[in-house]
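The values are calculated or read from the model by the stated rules, or taken from the named source; none is laboratory data. Please read all numbers here as calculations on a predicted model, not as lab measurements. Please note: Cβ atoms are built from the backbone with ideal geometry, for glycine as well, and neighbour counts cover all protein chains shown. Ligands, DNA and RNA are stripped out before the accessible areas are found, and what is left, the full protein with its side chains, is counted by its heavy atoms. Shrake-Rupley method; radii C 1.70, N 1.55, O 1.52, S 1.80 Å.
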Amino acid sequence: MNTDSGVLQDWVGRTEVLRDRVTAAPPIALAATLDHPRTGFDTGADLPAPWHWLYFLPSVRQSEIGADGHPKRGGFLPPVALPRRMWAGSQMRFVRPLKVGADVTRTSRIANVRVKEGRSGALVFVKVEHRIEDAGGLVLEEAQDIVYRDAAKSGEATPESPPAPGNALWCHEIRPDPVLLFRFSALTFNSHRIHYDLPYATGVEHYPALVVHGPLIATLLLDALHRELPDRRLRAFTFRAVRPLFEGRPFKVCGRIEADGNTVRLWAQDADGWLAMDASAELI
């Protein structure tokens, strides 16, 4: 494995096609994890966004798992040598809701690979585009930004970030504990050890505690939006991870409606008021 741009460019354009069925059990379990009633998931019901992450899960054999709990590099994703991997953000467009019971297909493509040098060392950015379709055609599109970086050093400071925005219309406090992180890892079949293995997270990757999943934070942002504006439908959603959040340290998911009435600024802020995730939703 390496960070040679020429080698990694060979992965650009690679595709992968997966098929799944939108069964009711995963959303029932996620609803329980988010403290919702276990109802509303009969066949034909709309699946909330971004709960499509409950499907097309990786099914890598145990012998093909790397030391960090992720699949070993060099399959569909390029063989980046850098040890730390983070889902840094996504851009989504929703054509219509996924329906419980539908048979669905996801076509994925490596859109680009960029190598650059940051203040903390080498960085590799991989953009993966997904299209999810059912029998009626396109349901949603998502572009995911995955970042690889050098191993952290003991005592390395948390990345700087700006203060969180003000004038929130709502804020919900989240108290992440190991059970919440474990349940979300299980629901998304995410075996990255920084989310459940405390000795690994602190001793190997040098985090101060277990790390809250970026997709979990994004899910909580949209969950709060759905609670606050239950009659509005989502057209687009974009999020960008700015600063990590950790187990045992409360944080808030907040939002405000912008002047046009259809755009919602969403963000997560840590207990000290620093911006941890920046997001935007477009409503219909």
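With unit charges on the beta carbon (Lys/Arg positive, Asp/Glu negative), name the residue among ILE28, LEU275, LEU98 whose Cα is farthest towards the positive pole of the charge dipole of the chain.
LEU98
Given the peptides 38-46, 270-278, arrange them by the average over their residues of other C-beta atoms within 10 Å, most packed first.
Taking the mean over residues of other Cβ atoms within 10 Å, the ranking is 270-278, 38-46.
Where does the charge balance sit around LYS127 when Lys and Arg score +1, Asp and Glu -1, over other residues with C-beta under 10 Å from its C-beta?
Value of the local net charge: 0.
Can you give me the % of accessible surface on the range 11-64 that is carbon or sulfur? Probe 1.4 Å, all protein chains present, nothing else counted.
About 49 percent, which is the carbon plus sulfur part of the accessible surface.
Put +1 on the Cβ of every Lys and Arg and -1 on every Asp and Glu Cβ in the range 168-262; which of ASN262, LEU229, PHE184 then has its Cα farthest towards the positive end of the dipole?
Checked the options; the winner is ASN262.
Looking at the range 182-255, I'd like the Rg to Rh ratio, where Rg is from alpha-carbon atoms and Rh is Kirkwood's inverse mean 1/r.
Looking at the range 182-255, the ratio lands at 1.03.
If you add up the charges near ALA209, with Lys and Arg at +1 and Asp and Glu at -1, over every other residue whose beta carbon is less than 9 angstrom from its beta carbon, what do you get?
0
Select from the range 188-275 those trypsin sites (Lys or Arg not before Pro) which occupy a DSSP coil region and have at most 15 other Cβ atoms within 10 Å, ordered by residue number.
In loop regions of the range 188-275 (DSSP not H, G, I, E or B), the sparsely surrounded trypsin sites (Lys or Arg not before Pro) are ARG233.
Around LEU98, which amide H atoms from residues at least 5 apart in sequence, or from another chain, sit under 5 Å from its own amide H, with H modelled in the peptide plane?
LEU47
Identify which of ILE217, ILE65, ILE132 has the largest mean-square fluctuation in a Gaussian network model of the chain, with springs joining Cα atoms closer than 10 Å.
Answer for the Gaussian network model of the chain: ILE65.
What translational D, rounded to a whole number of µm²/s, comes out for the range 75-204 from Stokes-Einstein when the hydrodynamic radius is the Kirkwood one over Cα pairs, at 10 °C and 1.306 mPa s?
88
Through the Karplus equation 6.51 cos²θ - 1.76 cosθ + 1.60, θ set to phi - 60°, convert the phi angles of the range 139-147 into ³J(HN,Hα) values in whole Hz; use x for Gly and Pro.
After applying 6.51 cos²θ - 1.76 cosθ + 1.60, I find 9, 7, 10, 9, 10, 9, 9, 10, 10 Hz.
Tell me the label only: which of (i) 47, 44, 35; (ii) 102, 44, 35; (iii) 69, 52, 35 is Cα extents along the principal axes in Å as calculated from this structure?
Checking each listed value against the structure points to (i).
Mean shadow of the range 38-123, computed from the convex hull of its alpha carbons, in nm²?
Projected over every direction and averaged, the Cα hull of the range 38-123 covers 8.5 nm².
Take the chain, mark every one of the GluC sites (Glu not before Pro) that falls in a DSSP loop and has at most 14 other Cβ within 10 Å, then report the longest stretch left between them, sites excluded.
Formally, the longest exposed-site-free interval is 1-155.
With a cap of 10 neighbouring Cβ atoms within 10 Å, and only residues DSSP puts in a loop, list the trypsin sites (Lys or Arg not before Pro) found in the range 47-84.
Hits after loop and neighbour filter: ARG61.
Give me the accessible area of TYR196, 1.4 Å probe, in Å² rounded to the nearest 10.
100
Find the percent of Cα-Cα distances in the range 1-158 that exceed 25 Å, and round it to a whole number.
Result for the distance tail: 41 percent.
Extension gain ALA168-ARG14, at 0.36 nm per residue separation less the Cα-Cα distance, in nm?
51.3 nm
Put +1 on the Cβ of each Lys and Arg and -1 on the Cβ of each Asp and Glu in the range 1-65; which of PRO50, GLN9, GLY40 then has its Cα farthest toward the positive end of the dipole?
GLY40
Using alpha carbon centroids, what distance separates the range 205-284 and the range 13-44, in Å?
20
So, with +1 on the Cβ of K and R and -1 on the Cβ of D and E, and no other charges, what is the size of the charge dipole of the chain about its Cα centre, to the nearest 20 debye?
300
Normalising by the residue count of the chain, find the relative contact order in percent from Cα pairs under 8 Å and 6+ residues apart.
Answer for the chain is 19 percent.
For a bin width of 5 Å, list the pair-distance distribution of the range 1-77 built from all Cα-Cα distances, rounded to whole %.
The percentages, shortest bin first, are 3, 11, 17, 15, 15, 13, 11, 8, 4, 2, 0.
Under the √(5λ) rule applied to the eigenvalues of the Cα gyration tensor, what semi-axes describe the equivalent ellipsoid of the range 157-201? Give them in Å, descending.
27, 17, 9
Around ILE174, which amide H atoms from residues at least 5 apart in sequence, or from another chain, sit under 5 Å from its own amide H, with H modelled in the peptide plane?
PHE251, LYS252, VAL253
Taking the Cα centre of the range 29-95 as origin, sum charge times position over the Cβ atoms of Lys and Arg (+1) and Asp and Glu (-1), and report the length of that vector in debye to the nearest 20.
The dipole of the range 29-95 has a size of about 360 debye.
From the phi angles alone, apply the Karplus equation (6.51, -1.76, 1.60; θ = phi - 60°) to the range 192-205 and give each ³J(HN,Hα) in whole Hz, x where the residue is Gly or Pro.
Per-residue couplings from phi come out as 4, 6, 5, 9, 9, 9, 4, x, 5, 4, 8, x, 9, 9 Hz.
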